[in-house]
Amino acid sequence: MANFHVYLGQDVRAGLPVIRKVAPSDIRDALIKGFDDFRAMPSHLLFLALIYPLCGIVLAYVTSQQNLLQLLFPLASGFALVGPFAAIGLYEMSRRRELGLDTSWRHAFEVIRSPSIPSIIALGLALVAIFALWLAAAQVLYSFLYGPIPPSSYGAFLGDIFSSGRGWALIVIGCFIGFCFAVIAFSISVVAFPLLLDRDVGLAAAIGASVKCVLDNPVTMALWGLTIAALLAIGSLPLFLGLVVIMPVLGHATWHMYRKAVERDPAHEHLADWPADRMGRPASQVASAHAVLFPWPKSEG
């Protein structure tokens, strides 16, 4: 039954969420609202956004120490594949601000109490698997073109890439393969994570809604994907430090793109706060039950 809930959610009779038509102008509006969320909730910078530049620096160090220089670019670009999962706390902050709730940084980690958390984790693991397949494909391509010997240094590797036929083949074929993986990851997750935070629809419906959103809005979704890629590329320079701003803005903007692309259904949306106990009761019900059972005021001691 647990697996059944992960895939189909709480209400197995609910169909796919209704997908709206979105225009390129909605991308600009979502980015503006995302930046506004970022300005209104800057305390989340240290707790969320710094993860990305720090991870980038760690990746650069690991690849230089473990003779995996050929995987530095796939590792760095592959962050975009798992980014939607890593930004789950940012979606929650935008959700809470939209509802007029407290938006202190600790609430970003309260998604673990979401009824949809099993589905969220399952989708996150799917993105991690796509990331791993991308790295494996990149290594296979490098081995096919260069053999089993890793590059001796950054300088030698970059010099060969831009001055030889096999280097350009690595760039062109590698980018094409990476593009295919990115399209798959984007298509199954573009609105899936925000949707799962909003409604316990299950993994199948969340992925189906994301794919339908892409198919129904191919031009706008393509522009949205390119916008994300361009901003991430800009944020990666220098040393991924620009991601300190780019990542939270994109995270918040993703929530607002979801709001534009998926029609709201109050009958199936979660309550404002996640359940406060293991019985699944919301915080308001827990407080009411406590007041009935224990009507006397709490002791100050």
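The values are calculated or read from the model by the stated rules, or taken from the named source; none is laboratory data. As the structure is a prediction and not an experimental result, all values here were calculated from the model. So basically every Cβ, Gly included, is an ideal-geometry build from the backbone, and we count neighbours across all protein chains shown.
Of the numbered criteria (1) in contact with a Gly (Cβ under 9 Å, 6 or more places away or on another chain); (2) modelled with pLDDT under 80; (3) not β-branched (Val, Ile, Thr), the one residue 106 fails is (1). Sub-9 Å Cβ pairs linking a first residue in region 97-126 that is closer than 15 Å to residue 38 by Cα to a second residue that is among the aromatic types (Phe, Trp, Tyr) and part of a helix (DSSP H, G or I), at least 6 apart or interchain, are 98/255; 105/47; 108/47, ordered by first then second residue.
For residue 217, the conditions (1) in contact with a helix residue (DSSP H, G or I) (Cβ under 8 Å, 6 or more places away or on another chain); (2) under 28 Å from residue 108 (Cβ atoms); (3) not small (Gly, Ala, Ser) all hold with the exception of (2).
Considering the conditions (1) at pLDDT 95 or above; (2) buried (at least 19 other Cβ atoms within 10 Å of the Cβ), residue 203 is excluded by exactly one of them, (1). The numbered conditions (1) more than 15 Å from the chain's Cα centre (by Cα); (2) part of a helix (DSSP H, G or I); (3) within 30 Å of residue 146 (Cβ to Cβ) are all true for residue 237 except (2). Of all residues in region 170-181, none are under 16 Å from residue 30 (Cα atoms) and surrounded by 19 or more Cβ atoms within 10 Å (Cβ to Cβ).
Every listed requirement among (1) part of a helix (DSSP H, G or I); (2) without any contact (Cβ under 8 Å) to a residue 24 or more places away in the chain is met by residue 174 save one, (2). With respect to (1) at pLDDT below 75; (2) surrounded by 15 or more Cβ atoms within 10 Å (Cβ to Cβ); (3) farther than 22 Å from residue 102 by Cα, the lone exception for residue 296 is condition (2).
Within this structure, residue 159 passes the test of being farther than 30 Å from residue 123 by Cβ and part of a helix (DSSP H, G or I). Checking each residue in region 229-246 for being touching a helix residue (DSSP H, G or I) at 6+ places or on another chain (Cβ under 6 Å) and at pLDDT 85 or above picks out 231, 232, 246.
Checking region 142-162 against the condition returns no match, with no residue being of a type outside the set (Phe, Trp, Tyr), surrounded by fewer than 20 Cβ atoms within 10 Å (Cβ to Cβ) and under 21 Å from the mean Cα position of the chain (by Cα). Quick check on my filter: what residues within region 97-145 are basic (Lys, Arg) and either out of contact with any Asp or Glu (no Cβ under 7 Å at 6 or more places or on another chain) or under 26 Å from residue 77 (Cα atoms) (or both)? Selection gives 106, 113.
For region 210-235, residues that are small (Gly, Ala, Ser), surrounded by fewer than 23 Cβ atoms within 10 Å (Cβ to Cβ) and under 25 Å from residue 92 (Cβ atoms) total 3.
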